[in-house]
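The values are calculated or read from the model by the stated rules, or taken from the named source; none is laboratory data. Since the structure is predicted, the reported quantities are computational estimates derived from the model, not experimental observations. When we count neighbours, we look across all protein chains shown, and the Cβ atoms used for this are built from the backbone with ideal geometry, even at glycine. Ligands, DNA and RNA are stripped out before the accessible areas are found, and what is left, the full protein with its side chains, is counted by its heavy atoms. Shrake-Rupley method; radii C 1.70, N 1.55, O 1.52, S 1.80 Å.
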Amino acid sequence: MFCRYLMAKRNIIKKKGEIMKQICYIILFFTAFFYACEKDVDSYEGESGIYFDTEGKLNDTVVVSWGMKAGDVVTRNLKLRVMLVGTVADYDRKFTVDVISDQTDTLAAEEGVDFEPFDKEYTIPANGAYADINIVLKRRETLKQRSRRFTVKLNETPELHFMYTRRSRIDSLTSLDVDYQRVVFMNENFPRPGWWTREGQKRFGDWSQTKAGLICDVMNIDREVWLGVLGEGTFTQGYLSYVGKYMYRWLQENPTKDEDGEWMEMGPDSQD
């Protein structure tokens, strides 16, 4: 009996020793981790860099879908934030950007037509950590036939280097530094709502972006609400039937051609 007691006591002591050993390993790991992090931060001392904010961005492209806005919305503001990495300074530091719109590109945007001219020089202010590039985009009718794009590219300075970016592989030999530029891509895409086949076809006829945009504009429907779930808010079956009949009568008085050049029509359930 006494021997079993001694063996149990020894096992308890042994387990306690193993636990203490694991705790020591954990302490050593986190000590080394925080020391490495501190050395990594220290490596930035005396150096600073700039890059475009990565929040919500998977790549270097900012997509602006005008089709999600009412037809009478012809300008919108775009903000591109440039972030500081490294040391915050007690004085202003300037940098410049280039606007690239390759005229050999069939989708090339035009300054003054697709976007208003904007400043090309900016400042990371004293004790600040970012600067904003504000661009006014312009909506032109031809976006329905062809998308537009242009690139805003950062330039290094003696004080603001390229120190941080994500990298995207183009092919086995080439990669792209993603966050030293932003490609602004504009289109008129207006997606087909998920409820259209079930509830829209019989009321509004064949789907088209032009028809959907006209319906939203005439009926004063927010286009983002239009893409919502049937049954939420005013999007009941009764409301959709009302919209279909109203648009049928409206088109009788205001004949309108669809994007295919044919006269726009509502579905059979609205034509009575």
The pairs in K57/K120; K144/K211; K57/K94; K211/K257; K69/K138 lying past 18 Å Cα-Cα in this model are K57/K120; K57/K94
With a point put 7 Å past each Cα toward its Cβ, work out how far N77 is from T142 in nm, to one decimal. 2.9
Which ³J(HN,Hα) values in Hz, rounded to whole numbers, follow from the phi angles of the range 64-78 under the Karplus curve 6.51 cos²θ - 1.76 cosθ + 1.60, where θ = phi - 60° and Gly and Pro get x? 10, 9, 5, x, 7, 10, 4, x, 8, 8, 10, 9, 8, 9, 10
Taking θ = phi - 60°, what integer Hz values does the Karplus form 6.51 cos²θ - 1.76 cosθ + 1.60 yield along the range 191-204, in sequence order, with x for Gly and Pro? x, 6, x, x, 7, 4, 4, 7, 10, x, 4, 6, 9, 10
T75 accessible area, 1.4 Å probe, all protein chains in place, Å² to nearest 10: 70
If the chain between H161 and A126 were fully stretched, how many nm would it gain, using 0.36 nm times the residue separation less the Cα-Cα distance? 10.9 nm
Per-pair calculated FRET efficiency, R0 = 51 Å: T96 and L173 via Cβ, rounded to 0.05: 0.95
Once the whole set of protein chains is in place, how much accessible area is left on M219, using a 1.4 Å probe, in Å² to the nearest 10? 30
